[in-house]
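> Could you have a look at this structure, given as structure tokens, before my questions?
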Amino acid sequence: MTKHFSIGPTIIVDTREQHPYAFDGPPLTVIRKKLDAGDYSIAGMEDRVAVERKSLDDFAGTLTNAKRRERFFAELTRMENHDLCCVVVEGSIADILAGRYSSSANPVSVFGAAVGLMTDQHVPVVFAGDRQHAVAFVQAFLLQAWKSLSGTKRRIDPAHMDALHQLVALLRLDPDQTDYDTVVSRHIWVNPSKGIAAQWGRILRLAIKNEWIVLKENTSDEDSPLPSRLILLGPKAPRLEDLPLKIRTNVRQMLEKNKLQHTEHTER
């Protein structure tokens with residue numbers, strides 16, 4: 001089916017962006033607004049599209065300074081769950097390897113860290129060559145993202161969807177066990193994916209965003225020296241019978257095995 005667009009997108013420029021791009025005319029409208037992730041996005045798609053802009057000096061300095069790198073990685077973590085995102089560098093790979101930036105960082109280290117953003121953080125890095133070409137790329141990227149995502153639902157990775165179903169199944173099948181740490185450990189155990197522990201934060205954000213679960217402070221445990229949290233089912237959580245049979249079966253078997261092990265340990 002052919003999509004028809006009567007008007008263009010509204011591009012959002014983060015209010016903290018100190019050197020905003022000037023995009024060329026229609027069909028684009030540009031506004032300034034605080035963004036939770038990235039420097040540029042699209043109105044109505046702020047949680048789906050994000051572009052982080054970096055000058056060559058800023059990029060090299062950020063990747064080789066511990067405090068700046070920590071803040072940058074936190075930003076990338078917020079971008080990971082977007083449908084479309086990237087980091088745009090106003091420089092080329094040749095510029096990096098030649099050390100054409102203001103910091104004294106080793107070019108090989110900067111280049112290796114840049115590659116690591118793509119392999120470890122799973123965020124594409126676009127070396128645009130210079131600012132002029134970076135502006136052209138960002139404008140084209142945002143326009144194409146708007147066309148691609150308009151009228152579509154938010155994409156959820158199949159592995160993440162399985163993990164969401166497992167989390168709901170755990171809470172449906174054992175509703176009395178809502179302690180945060182216990183649910184997390186059970187969820188990691190029942191999920192066959194080796195990377196589920198590393199992805200737990202993303203799974204949790206997805207579950208909360210879709211109102212499948214809610215987090216609540218545990219105020220009943222007054223004897224605990226540390227505050228604890230509870231994971232509860234949200235108003236839009238699927239019913240048990242609506243979850244995939246395979247996931248229901250696997251979670252049920254895990255809970256039965258866990259109960260049996262607990263009984264045997266108690267009897268010893």
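What follows draws every value from the coordinates through simple rules; no lab data is involved. Note that the structure is predicted; figures quoted are calculated from it, not measured. Backbone-built Cβ (ideal geometry, glycine too); neighbour counts: all protein chains shown.
> How large is the convex hull of the Cα atoms of the range 10-149 per residue, expressed in Å³ as a whole number?
Cα-based convex hull of the range 10-149, divided per residue, equals 100 Å³.
> Quick one: 12, 208, 42, fewest Cβ neighbours within 10 Å first, how do they rank?
Sorted ascending by nearby Cβ count, the order is 208, 42, 12.
> Quick one: go through the range 116-130 and flag any residue whose amide nitrogen is under 20 Å from the point 7 Å out along the Cα-to-Cβ line of residue 22.
Backbone N within reach: 130.
> Note the full-extension length gain between residue 200 and residue 252 as 0.36 nm times their separation in residues minus their Cα-Cα distance, in nm to one decimal.
Computed gain between residue 200 and residue 252 is 16.6 nm.
> Mind checking the full-extension length gain between residue 67 and residue 104? Use 0.36 nm per residue of separation minus the Cα-Cα distance, one decimal, nm.
11.7 nm
> Quick check on the range 87-164: take the gyration tensor over C-alpha atoms, sort the square-rooted eigenvalues as a ≥ b ≥ c, and tell me if it's rounded (a/c under 1.5), prolate or oblate.
Oblate, because a/c is 1.5 or more while a/b does not exceed b/c.
> Right, another one. Count charges around residue 166 for me, please; just the other residues with Cβ under 10 Å from its Cβ, Lys/Arg as +1, Asp/Glu as -1.
So the surrounding residues net to +1.
> Something else now. Rounded to the nearest 20 Debye, what is the dipole magnitude of the range 1-149 about its Cα centre when Lys and Arg each give +1 and Asp and Glu each give -1 at the C-beta?
Here the size comes out at about 160 debye.
> If you don't mind, another one. Contact order normalised by length for the range 10-149, with contacts defined as Cα pairs under 8 Å and 6 or more residues apart; what percent is it?
With pairs under 8 Å counted, the relative contact order is 24 percent.
> Got a sec? How would 82, 19, 133 order by Cβ neighbour count within 10 Å, fewest to most?
Lowest to highest Cβ neighbour count: 19, 133, 82.
> Would you mind ranking 87, 135 by Cβ crowding within 10 Å, fewest neighbours first?
In order of increasing Cβ crowding within 10 Å: 135, 87.
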